[in-house]
Amino acid sequence: MFQAPEPHLTELSFMSRIARAANTALQIETLLPAVASEMYQALAWDHVVIGLLQPTEEPVKVFADTSIQGNRPPEEGRIDPSDLSLLMETVNPQQISVLAVNDPDFDLPQVPDILRDSGLHTIASIPIQHRSHLFGAIFVGSAFPRTIPLNEHHLLTTVGEMVSVAIARILQEEDARQAERLKSAFFAKVTHEMRTPVTSISGYVRLLQSGRAGDVPEYLHEHLNYMFHSSKTLRQLVDDMLDFSRMEAGYLSVDHLTPVDLIPIIHTIAGMVRPQADERRLTLQFNIDPHLPPVQADPRRIEQVLTNLLSNAIKYTDDGAITIHANQLDDTYVRLSVQDNGIGITPEHQALIFGEYQRIRNRHNLRFAGTGLGLAISRKLVELMGGTMSLQSEFGVGSTFSCDLRIATELALGQGITSDNGTGPPEN
Ligand code: ADP
């Protein structure tokens, strides 16, 4: 290529192909064959092999070998992969090294044999290294006597540097992905293990409160009440964390979608949160179409979403009312909304709160426990049921969270749906 009429352009185009491969590769297994192939086609070398040092018994692994790709017969000159470990010992981590048959200055006595057996006259090694730590090398071999002119030396050095940086990046990304996988697995395991003791604590507190385990002195009633509320909050946190770890792994699911009458569900959940609303002197209001058509849903998940929206409305409203709306929107959807006249959410925060772990810093959030996972999970659940969740809010005025749920039709009702392809583990 260096004798070509426009060597500069040819070099530039070669470098840009190498740069593209180095910048876009996600795996070493795809990067190195692409680089070797570009070098083999563009440079006047008969053989290109790329090997990386391994922490395993086999010290060098070959990632690219153009003699296989180019169907090159061994007698035309090729580096035998079994010689790579020895050749790797001749690599200088700082710069390109050249071994030639007629060069008597070999540190390793086996090198002349390797050169002779390979049928190559010259082998140059380009180090692949990061912060002086040698990862491996690109070996280029020529069947004929060959020197490396200065501009080619620069070119090969730059290729080595680009490949080195790309490999360091890929390894770092793999480490980060592995750490993320371990974190998720740990998170899922710990949450799962927490669920049993938390359930048992609230069960025993309930038993004591009921008097079935014997009389509890009057002065302990209030303490038991606090214990019950705290264990319920803890249980809610654990359940959210479990749902979230399923969502991360793509296993969050809704059961079989069936026609669901929202009205009794609304009244049940409103009844459950009423004590919290009363405690904060908030009125619960209803604006419900009595002829509401059934929606396609998993009733347990609808209850979960509504509980989340109502608990939030109660948490973030200081005085006034919370209204539950349920009306037919059009031929396809019913809109179920929870409206409050609470603290409201700024447009900038509206964009964030459906994300995981997103809690707005305010005095309410300092007072109430929460993970910032509720809305992320609720929105995903509504989507899994074929609906959408939206928010209208004005800071200082109030918020309305709406779920548009599909009206049940025979066709639309089907199997339980998972956030992945449905092959995930069953929920418990
Ligand atoms: P959590 O309530 O556990 O913090 P959510 O995901 O349910 O988590 O809510 C995320 C954040 O959105 C809350 O921390 C709060 O800052 C904000 N938010 C949710 N609902 C309301 C609401 N009705 N009014 C004002 N802010 C709200």
Problem set entry | Pairs with Cβ under 7 Å, 6+ apart, first in the stretch 128-150 and closer than 23 Å to Ala166 by Cα and without any contact (Cβ under 8 Å) to a residue 40 or more places away in the chain, second crowded, with 17+ Cβ neighbours inside 10 Å and of a type in the set (Ser, Thr, Tyr) | Gln129/Ser164; His130/Ser164
Exercise. Failed condition for Ala143, given (1) crowded, with 20+ Cβ neighbours inside 10 Å; (2) touching a Gly at 6+ places or on another chain (Cβ under 6 Å); (3) not aromatic (Phe, Trp, Tyr), with all others met?
Worked result: (1)
For this session: Output the residues belonging to the stretch 282-340 that are within 16 Å of the ligand (Cβ to nearest atom), open to solvent by less than 50 Å² (accessible area, probe 1.4 Å) and over 24 Å from Phe354 (Cα atoms).
Result: Leu282, Leu284, Gly320
Problem set entry | Long-range neighbours under 6 Å by Cβ, at least six apart or interchain, first residue of a type in the set (D, E, K, R) within the stretch 80-98, second surrounded by 15 or more Cβ atoms within 10 Å (Cβ to Cβ) | Asp83/Ile114
Problem set entry | Every residue from the stretch 135-149 that is in contact with a helix residue (DSSP H, G or I) (Cβ under 8 Å, 6 or more places away or on another chain) and either of a type in the set (Phe, Trp, Tyr) or over 17 Å from Ser37 (Cα atoms) (or both) | Phe135, Gly136, Phe139, Ala143, Ile148
For this session: Scan the stretch 41-51 for residues that are in contact with a helix residue (DSSP H, G or I) (Cβ under 8 Å, 6 or more places away or on another chain) and either among the basic types (Lys, Arg) or surrounded by fewer than 20 Cβ atoms within 10 Å (Cβ to Cβ) (or both) and report the count.
Result: 2
Seminar exercise, completed: The one condition Ile343 fails out of (1) within 11 Å of the ligand (Cβ to nearest atom); (2) within 31 Å of the chain's Cα centre (by Cα); (3) open to solvent by less than 70 Å² (accessible area, probe 1.4 Å); (4) modelled with pLDDT under 95 is (2)
Problem set entry | Members of the stretch 97-134 that are among the β-branched types (Val, Ile, Thr), in contact with a helix residue (DSSP H, G or I) (Cβ under 9 Å, 6 or more places away or on another chain) and open to solvent by 20 Å² or more (accessible area, probe 1.4 Å) | Val101
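The values are calculated or read from the model by the stated rules, or taken from the named source; none is laboratory data. Keep in mind that what you see is a predicted model, and the values were worked out from it rather than measured. Quick reminder, even Gly has a Cβ in these numbers, built from the backbone with ideal geometry, and neighbours come from all protein chains shown. Surface areas here come from the heavy atoms of the whole protein model, side chains and all, with no ligands, DNA or RNA. Shrake-Rupley method; radii C 1.70, N 1.55, O 1.52, S 1.80 Å.
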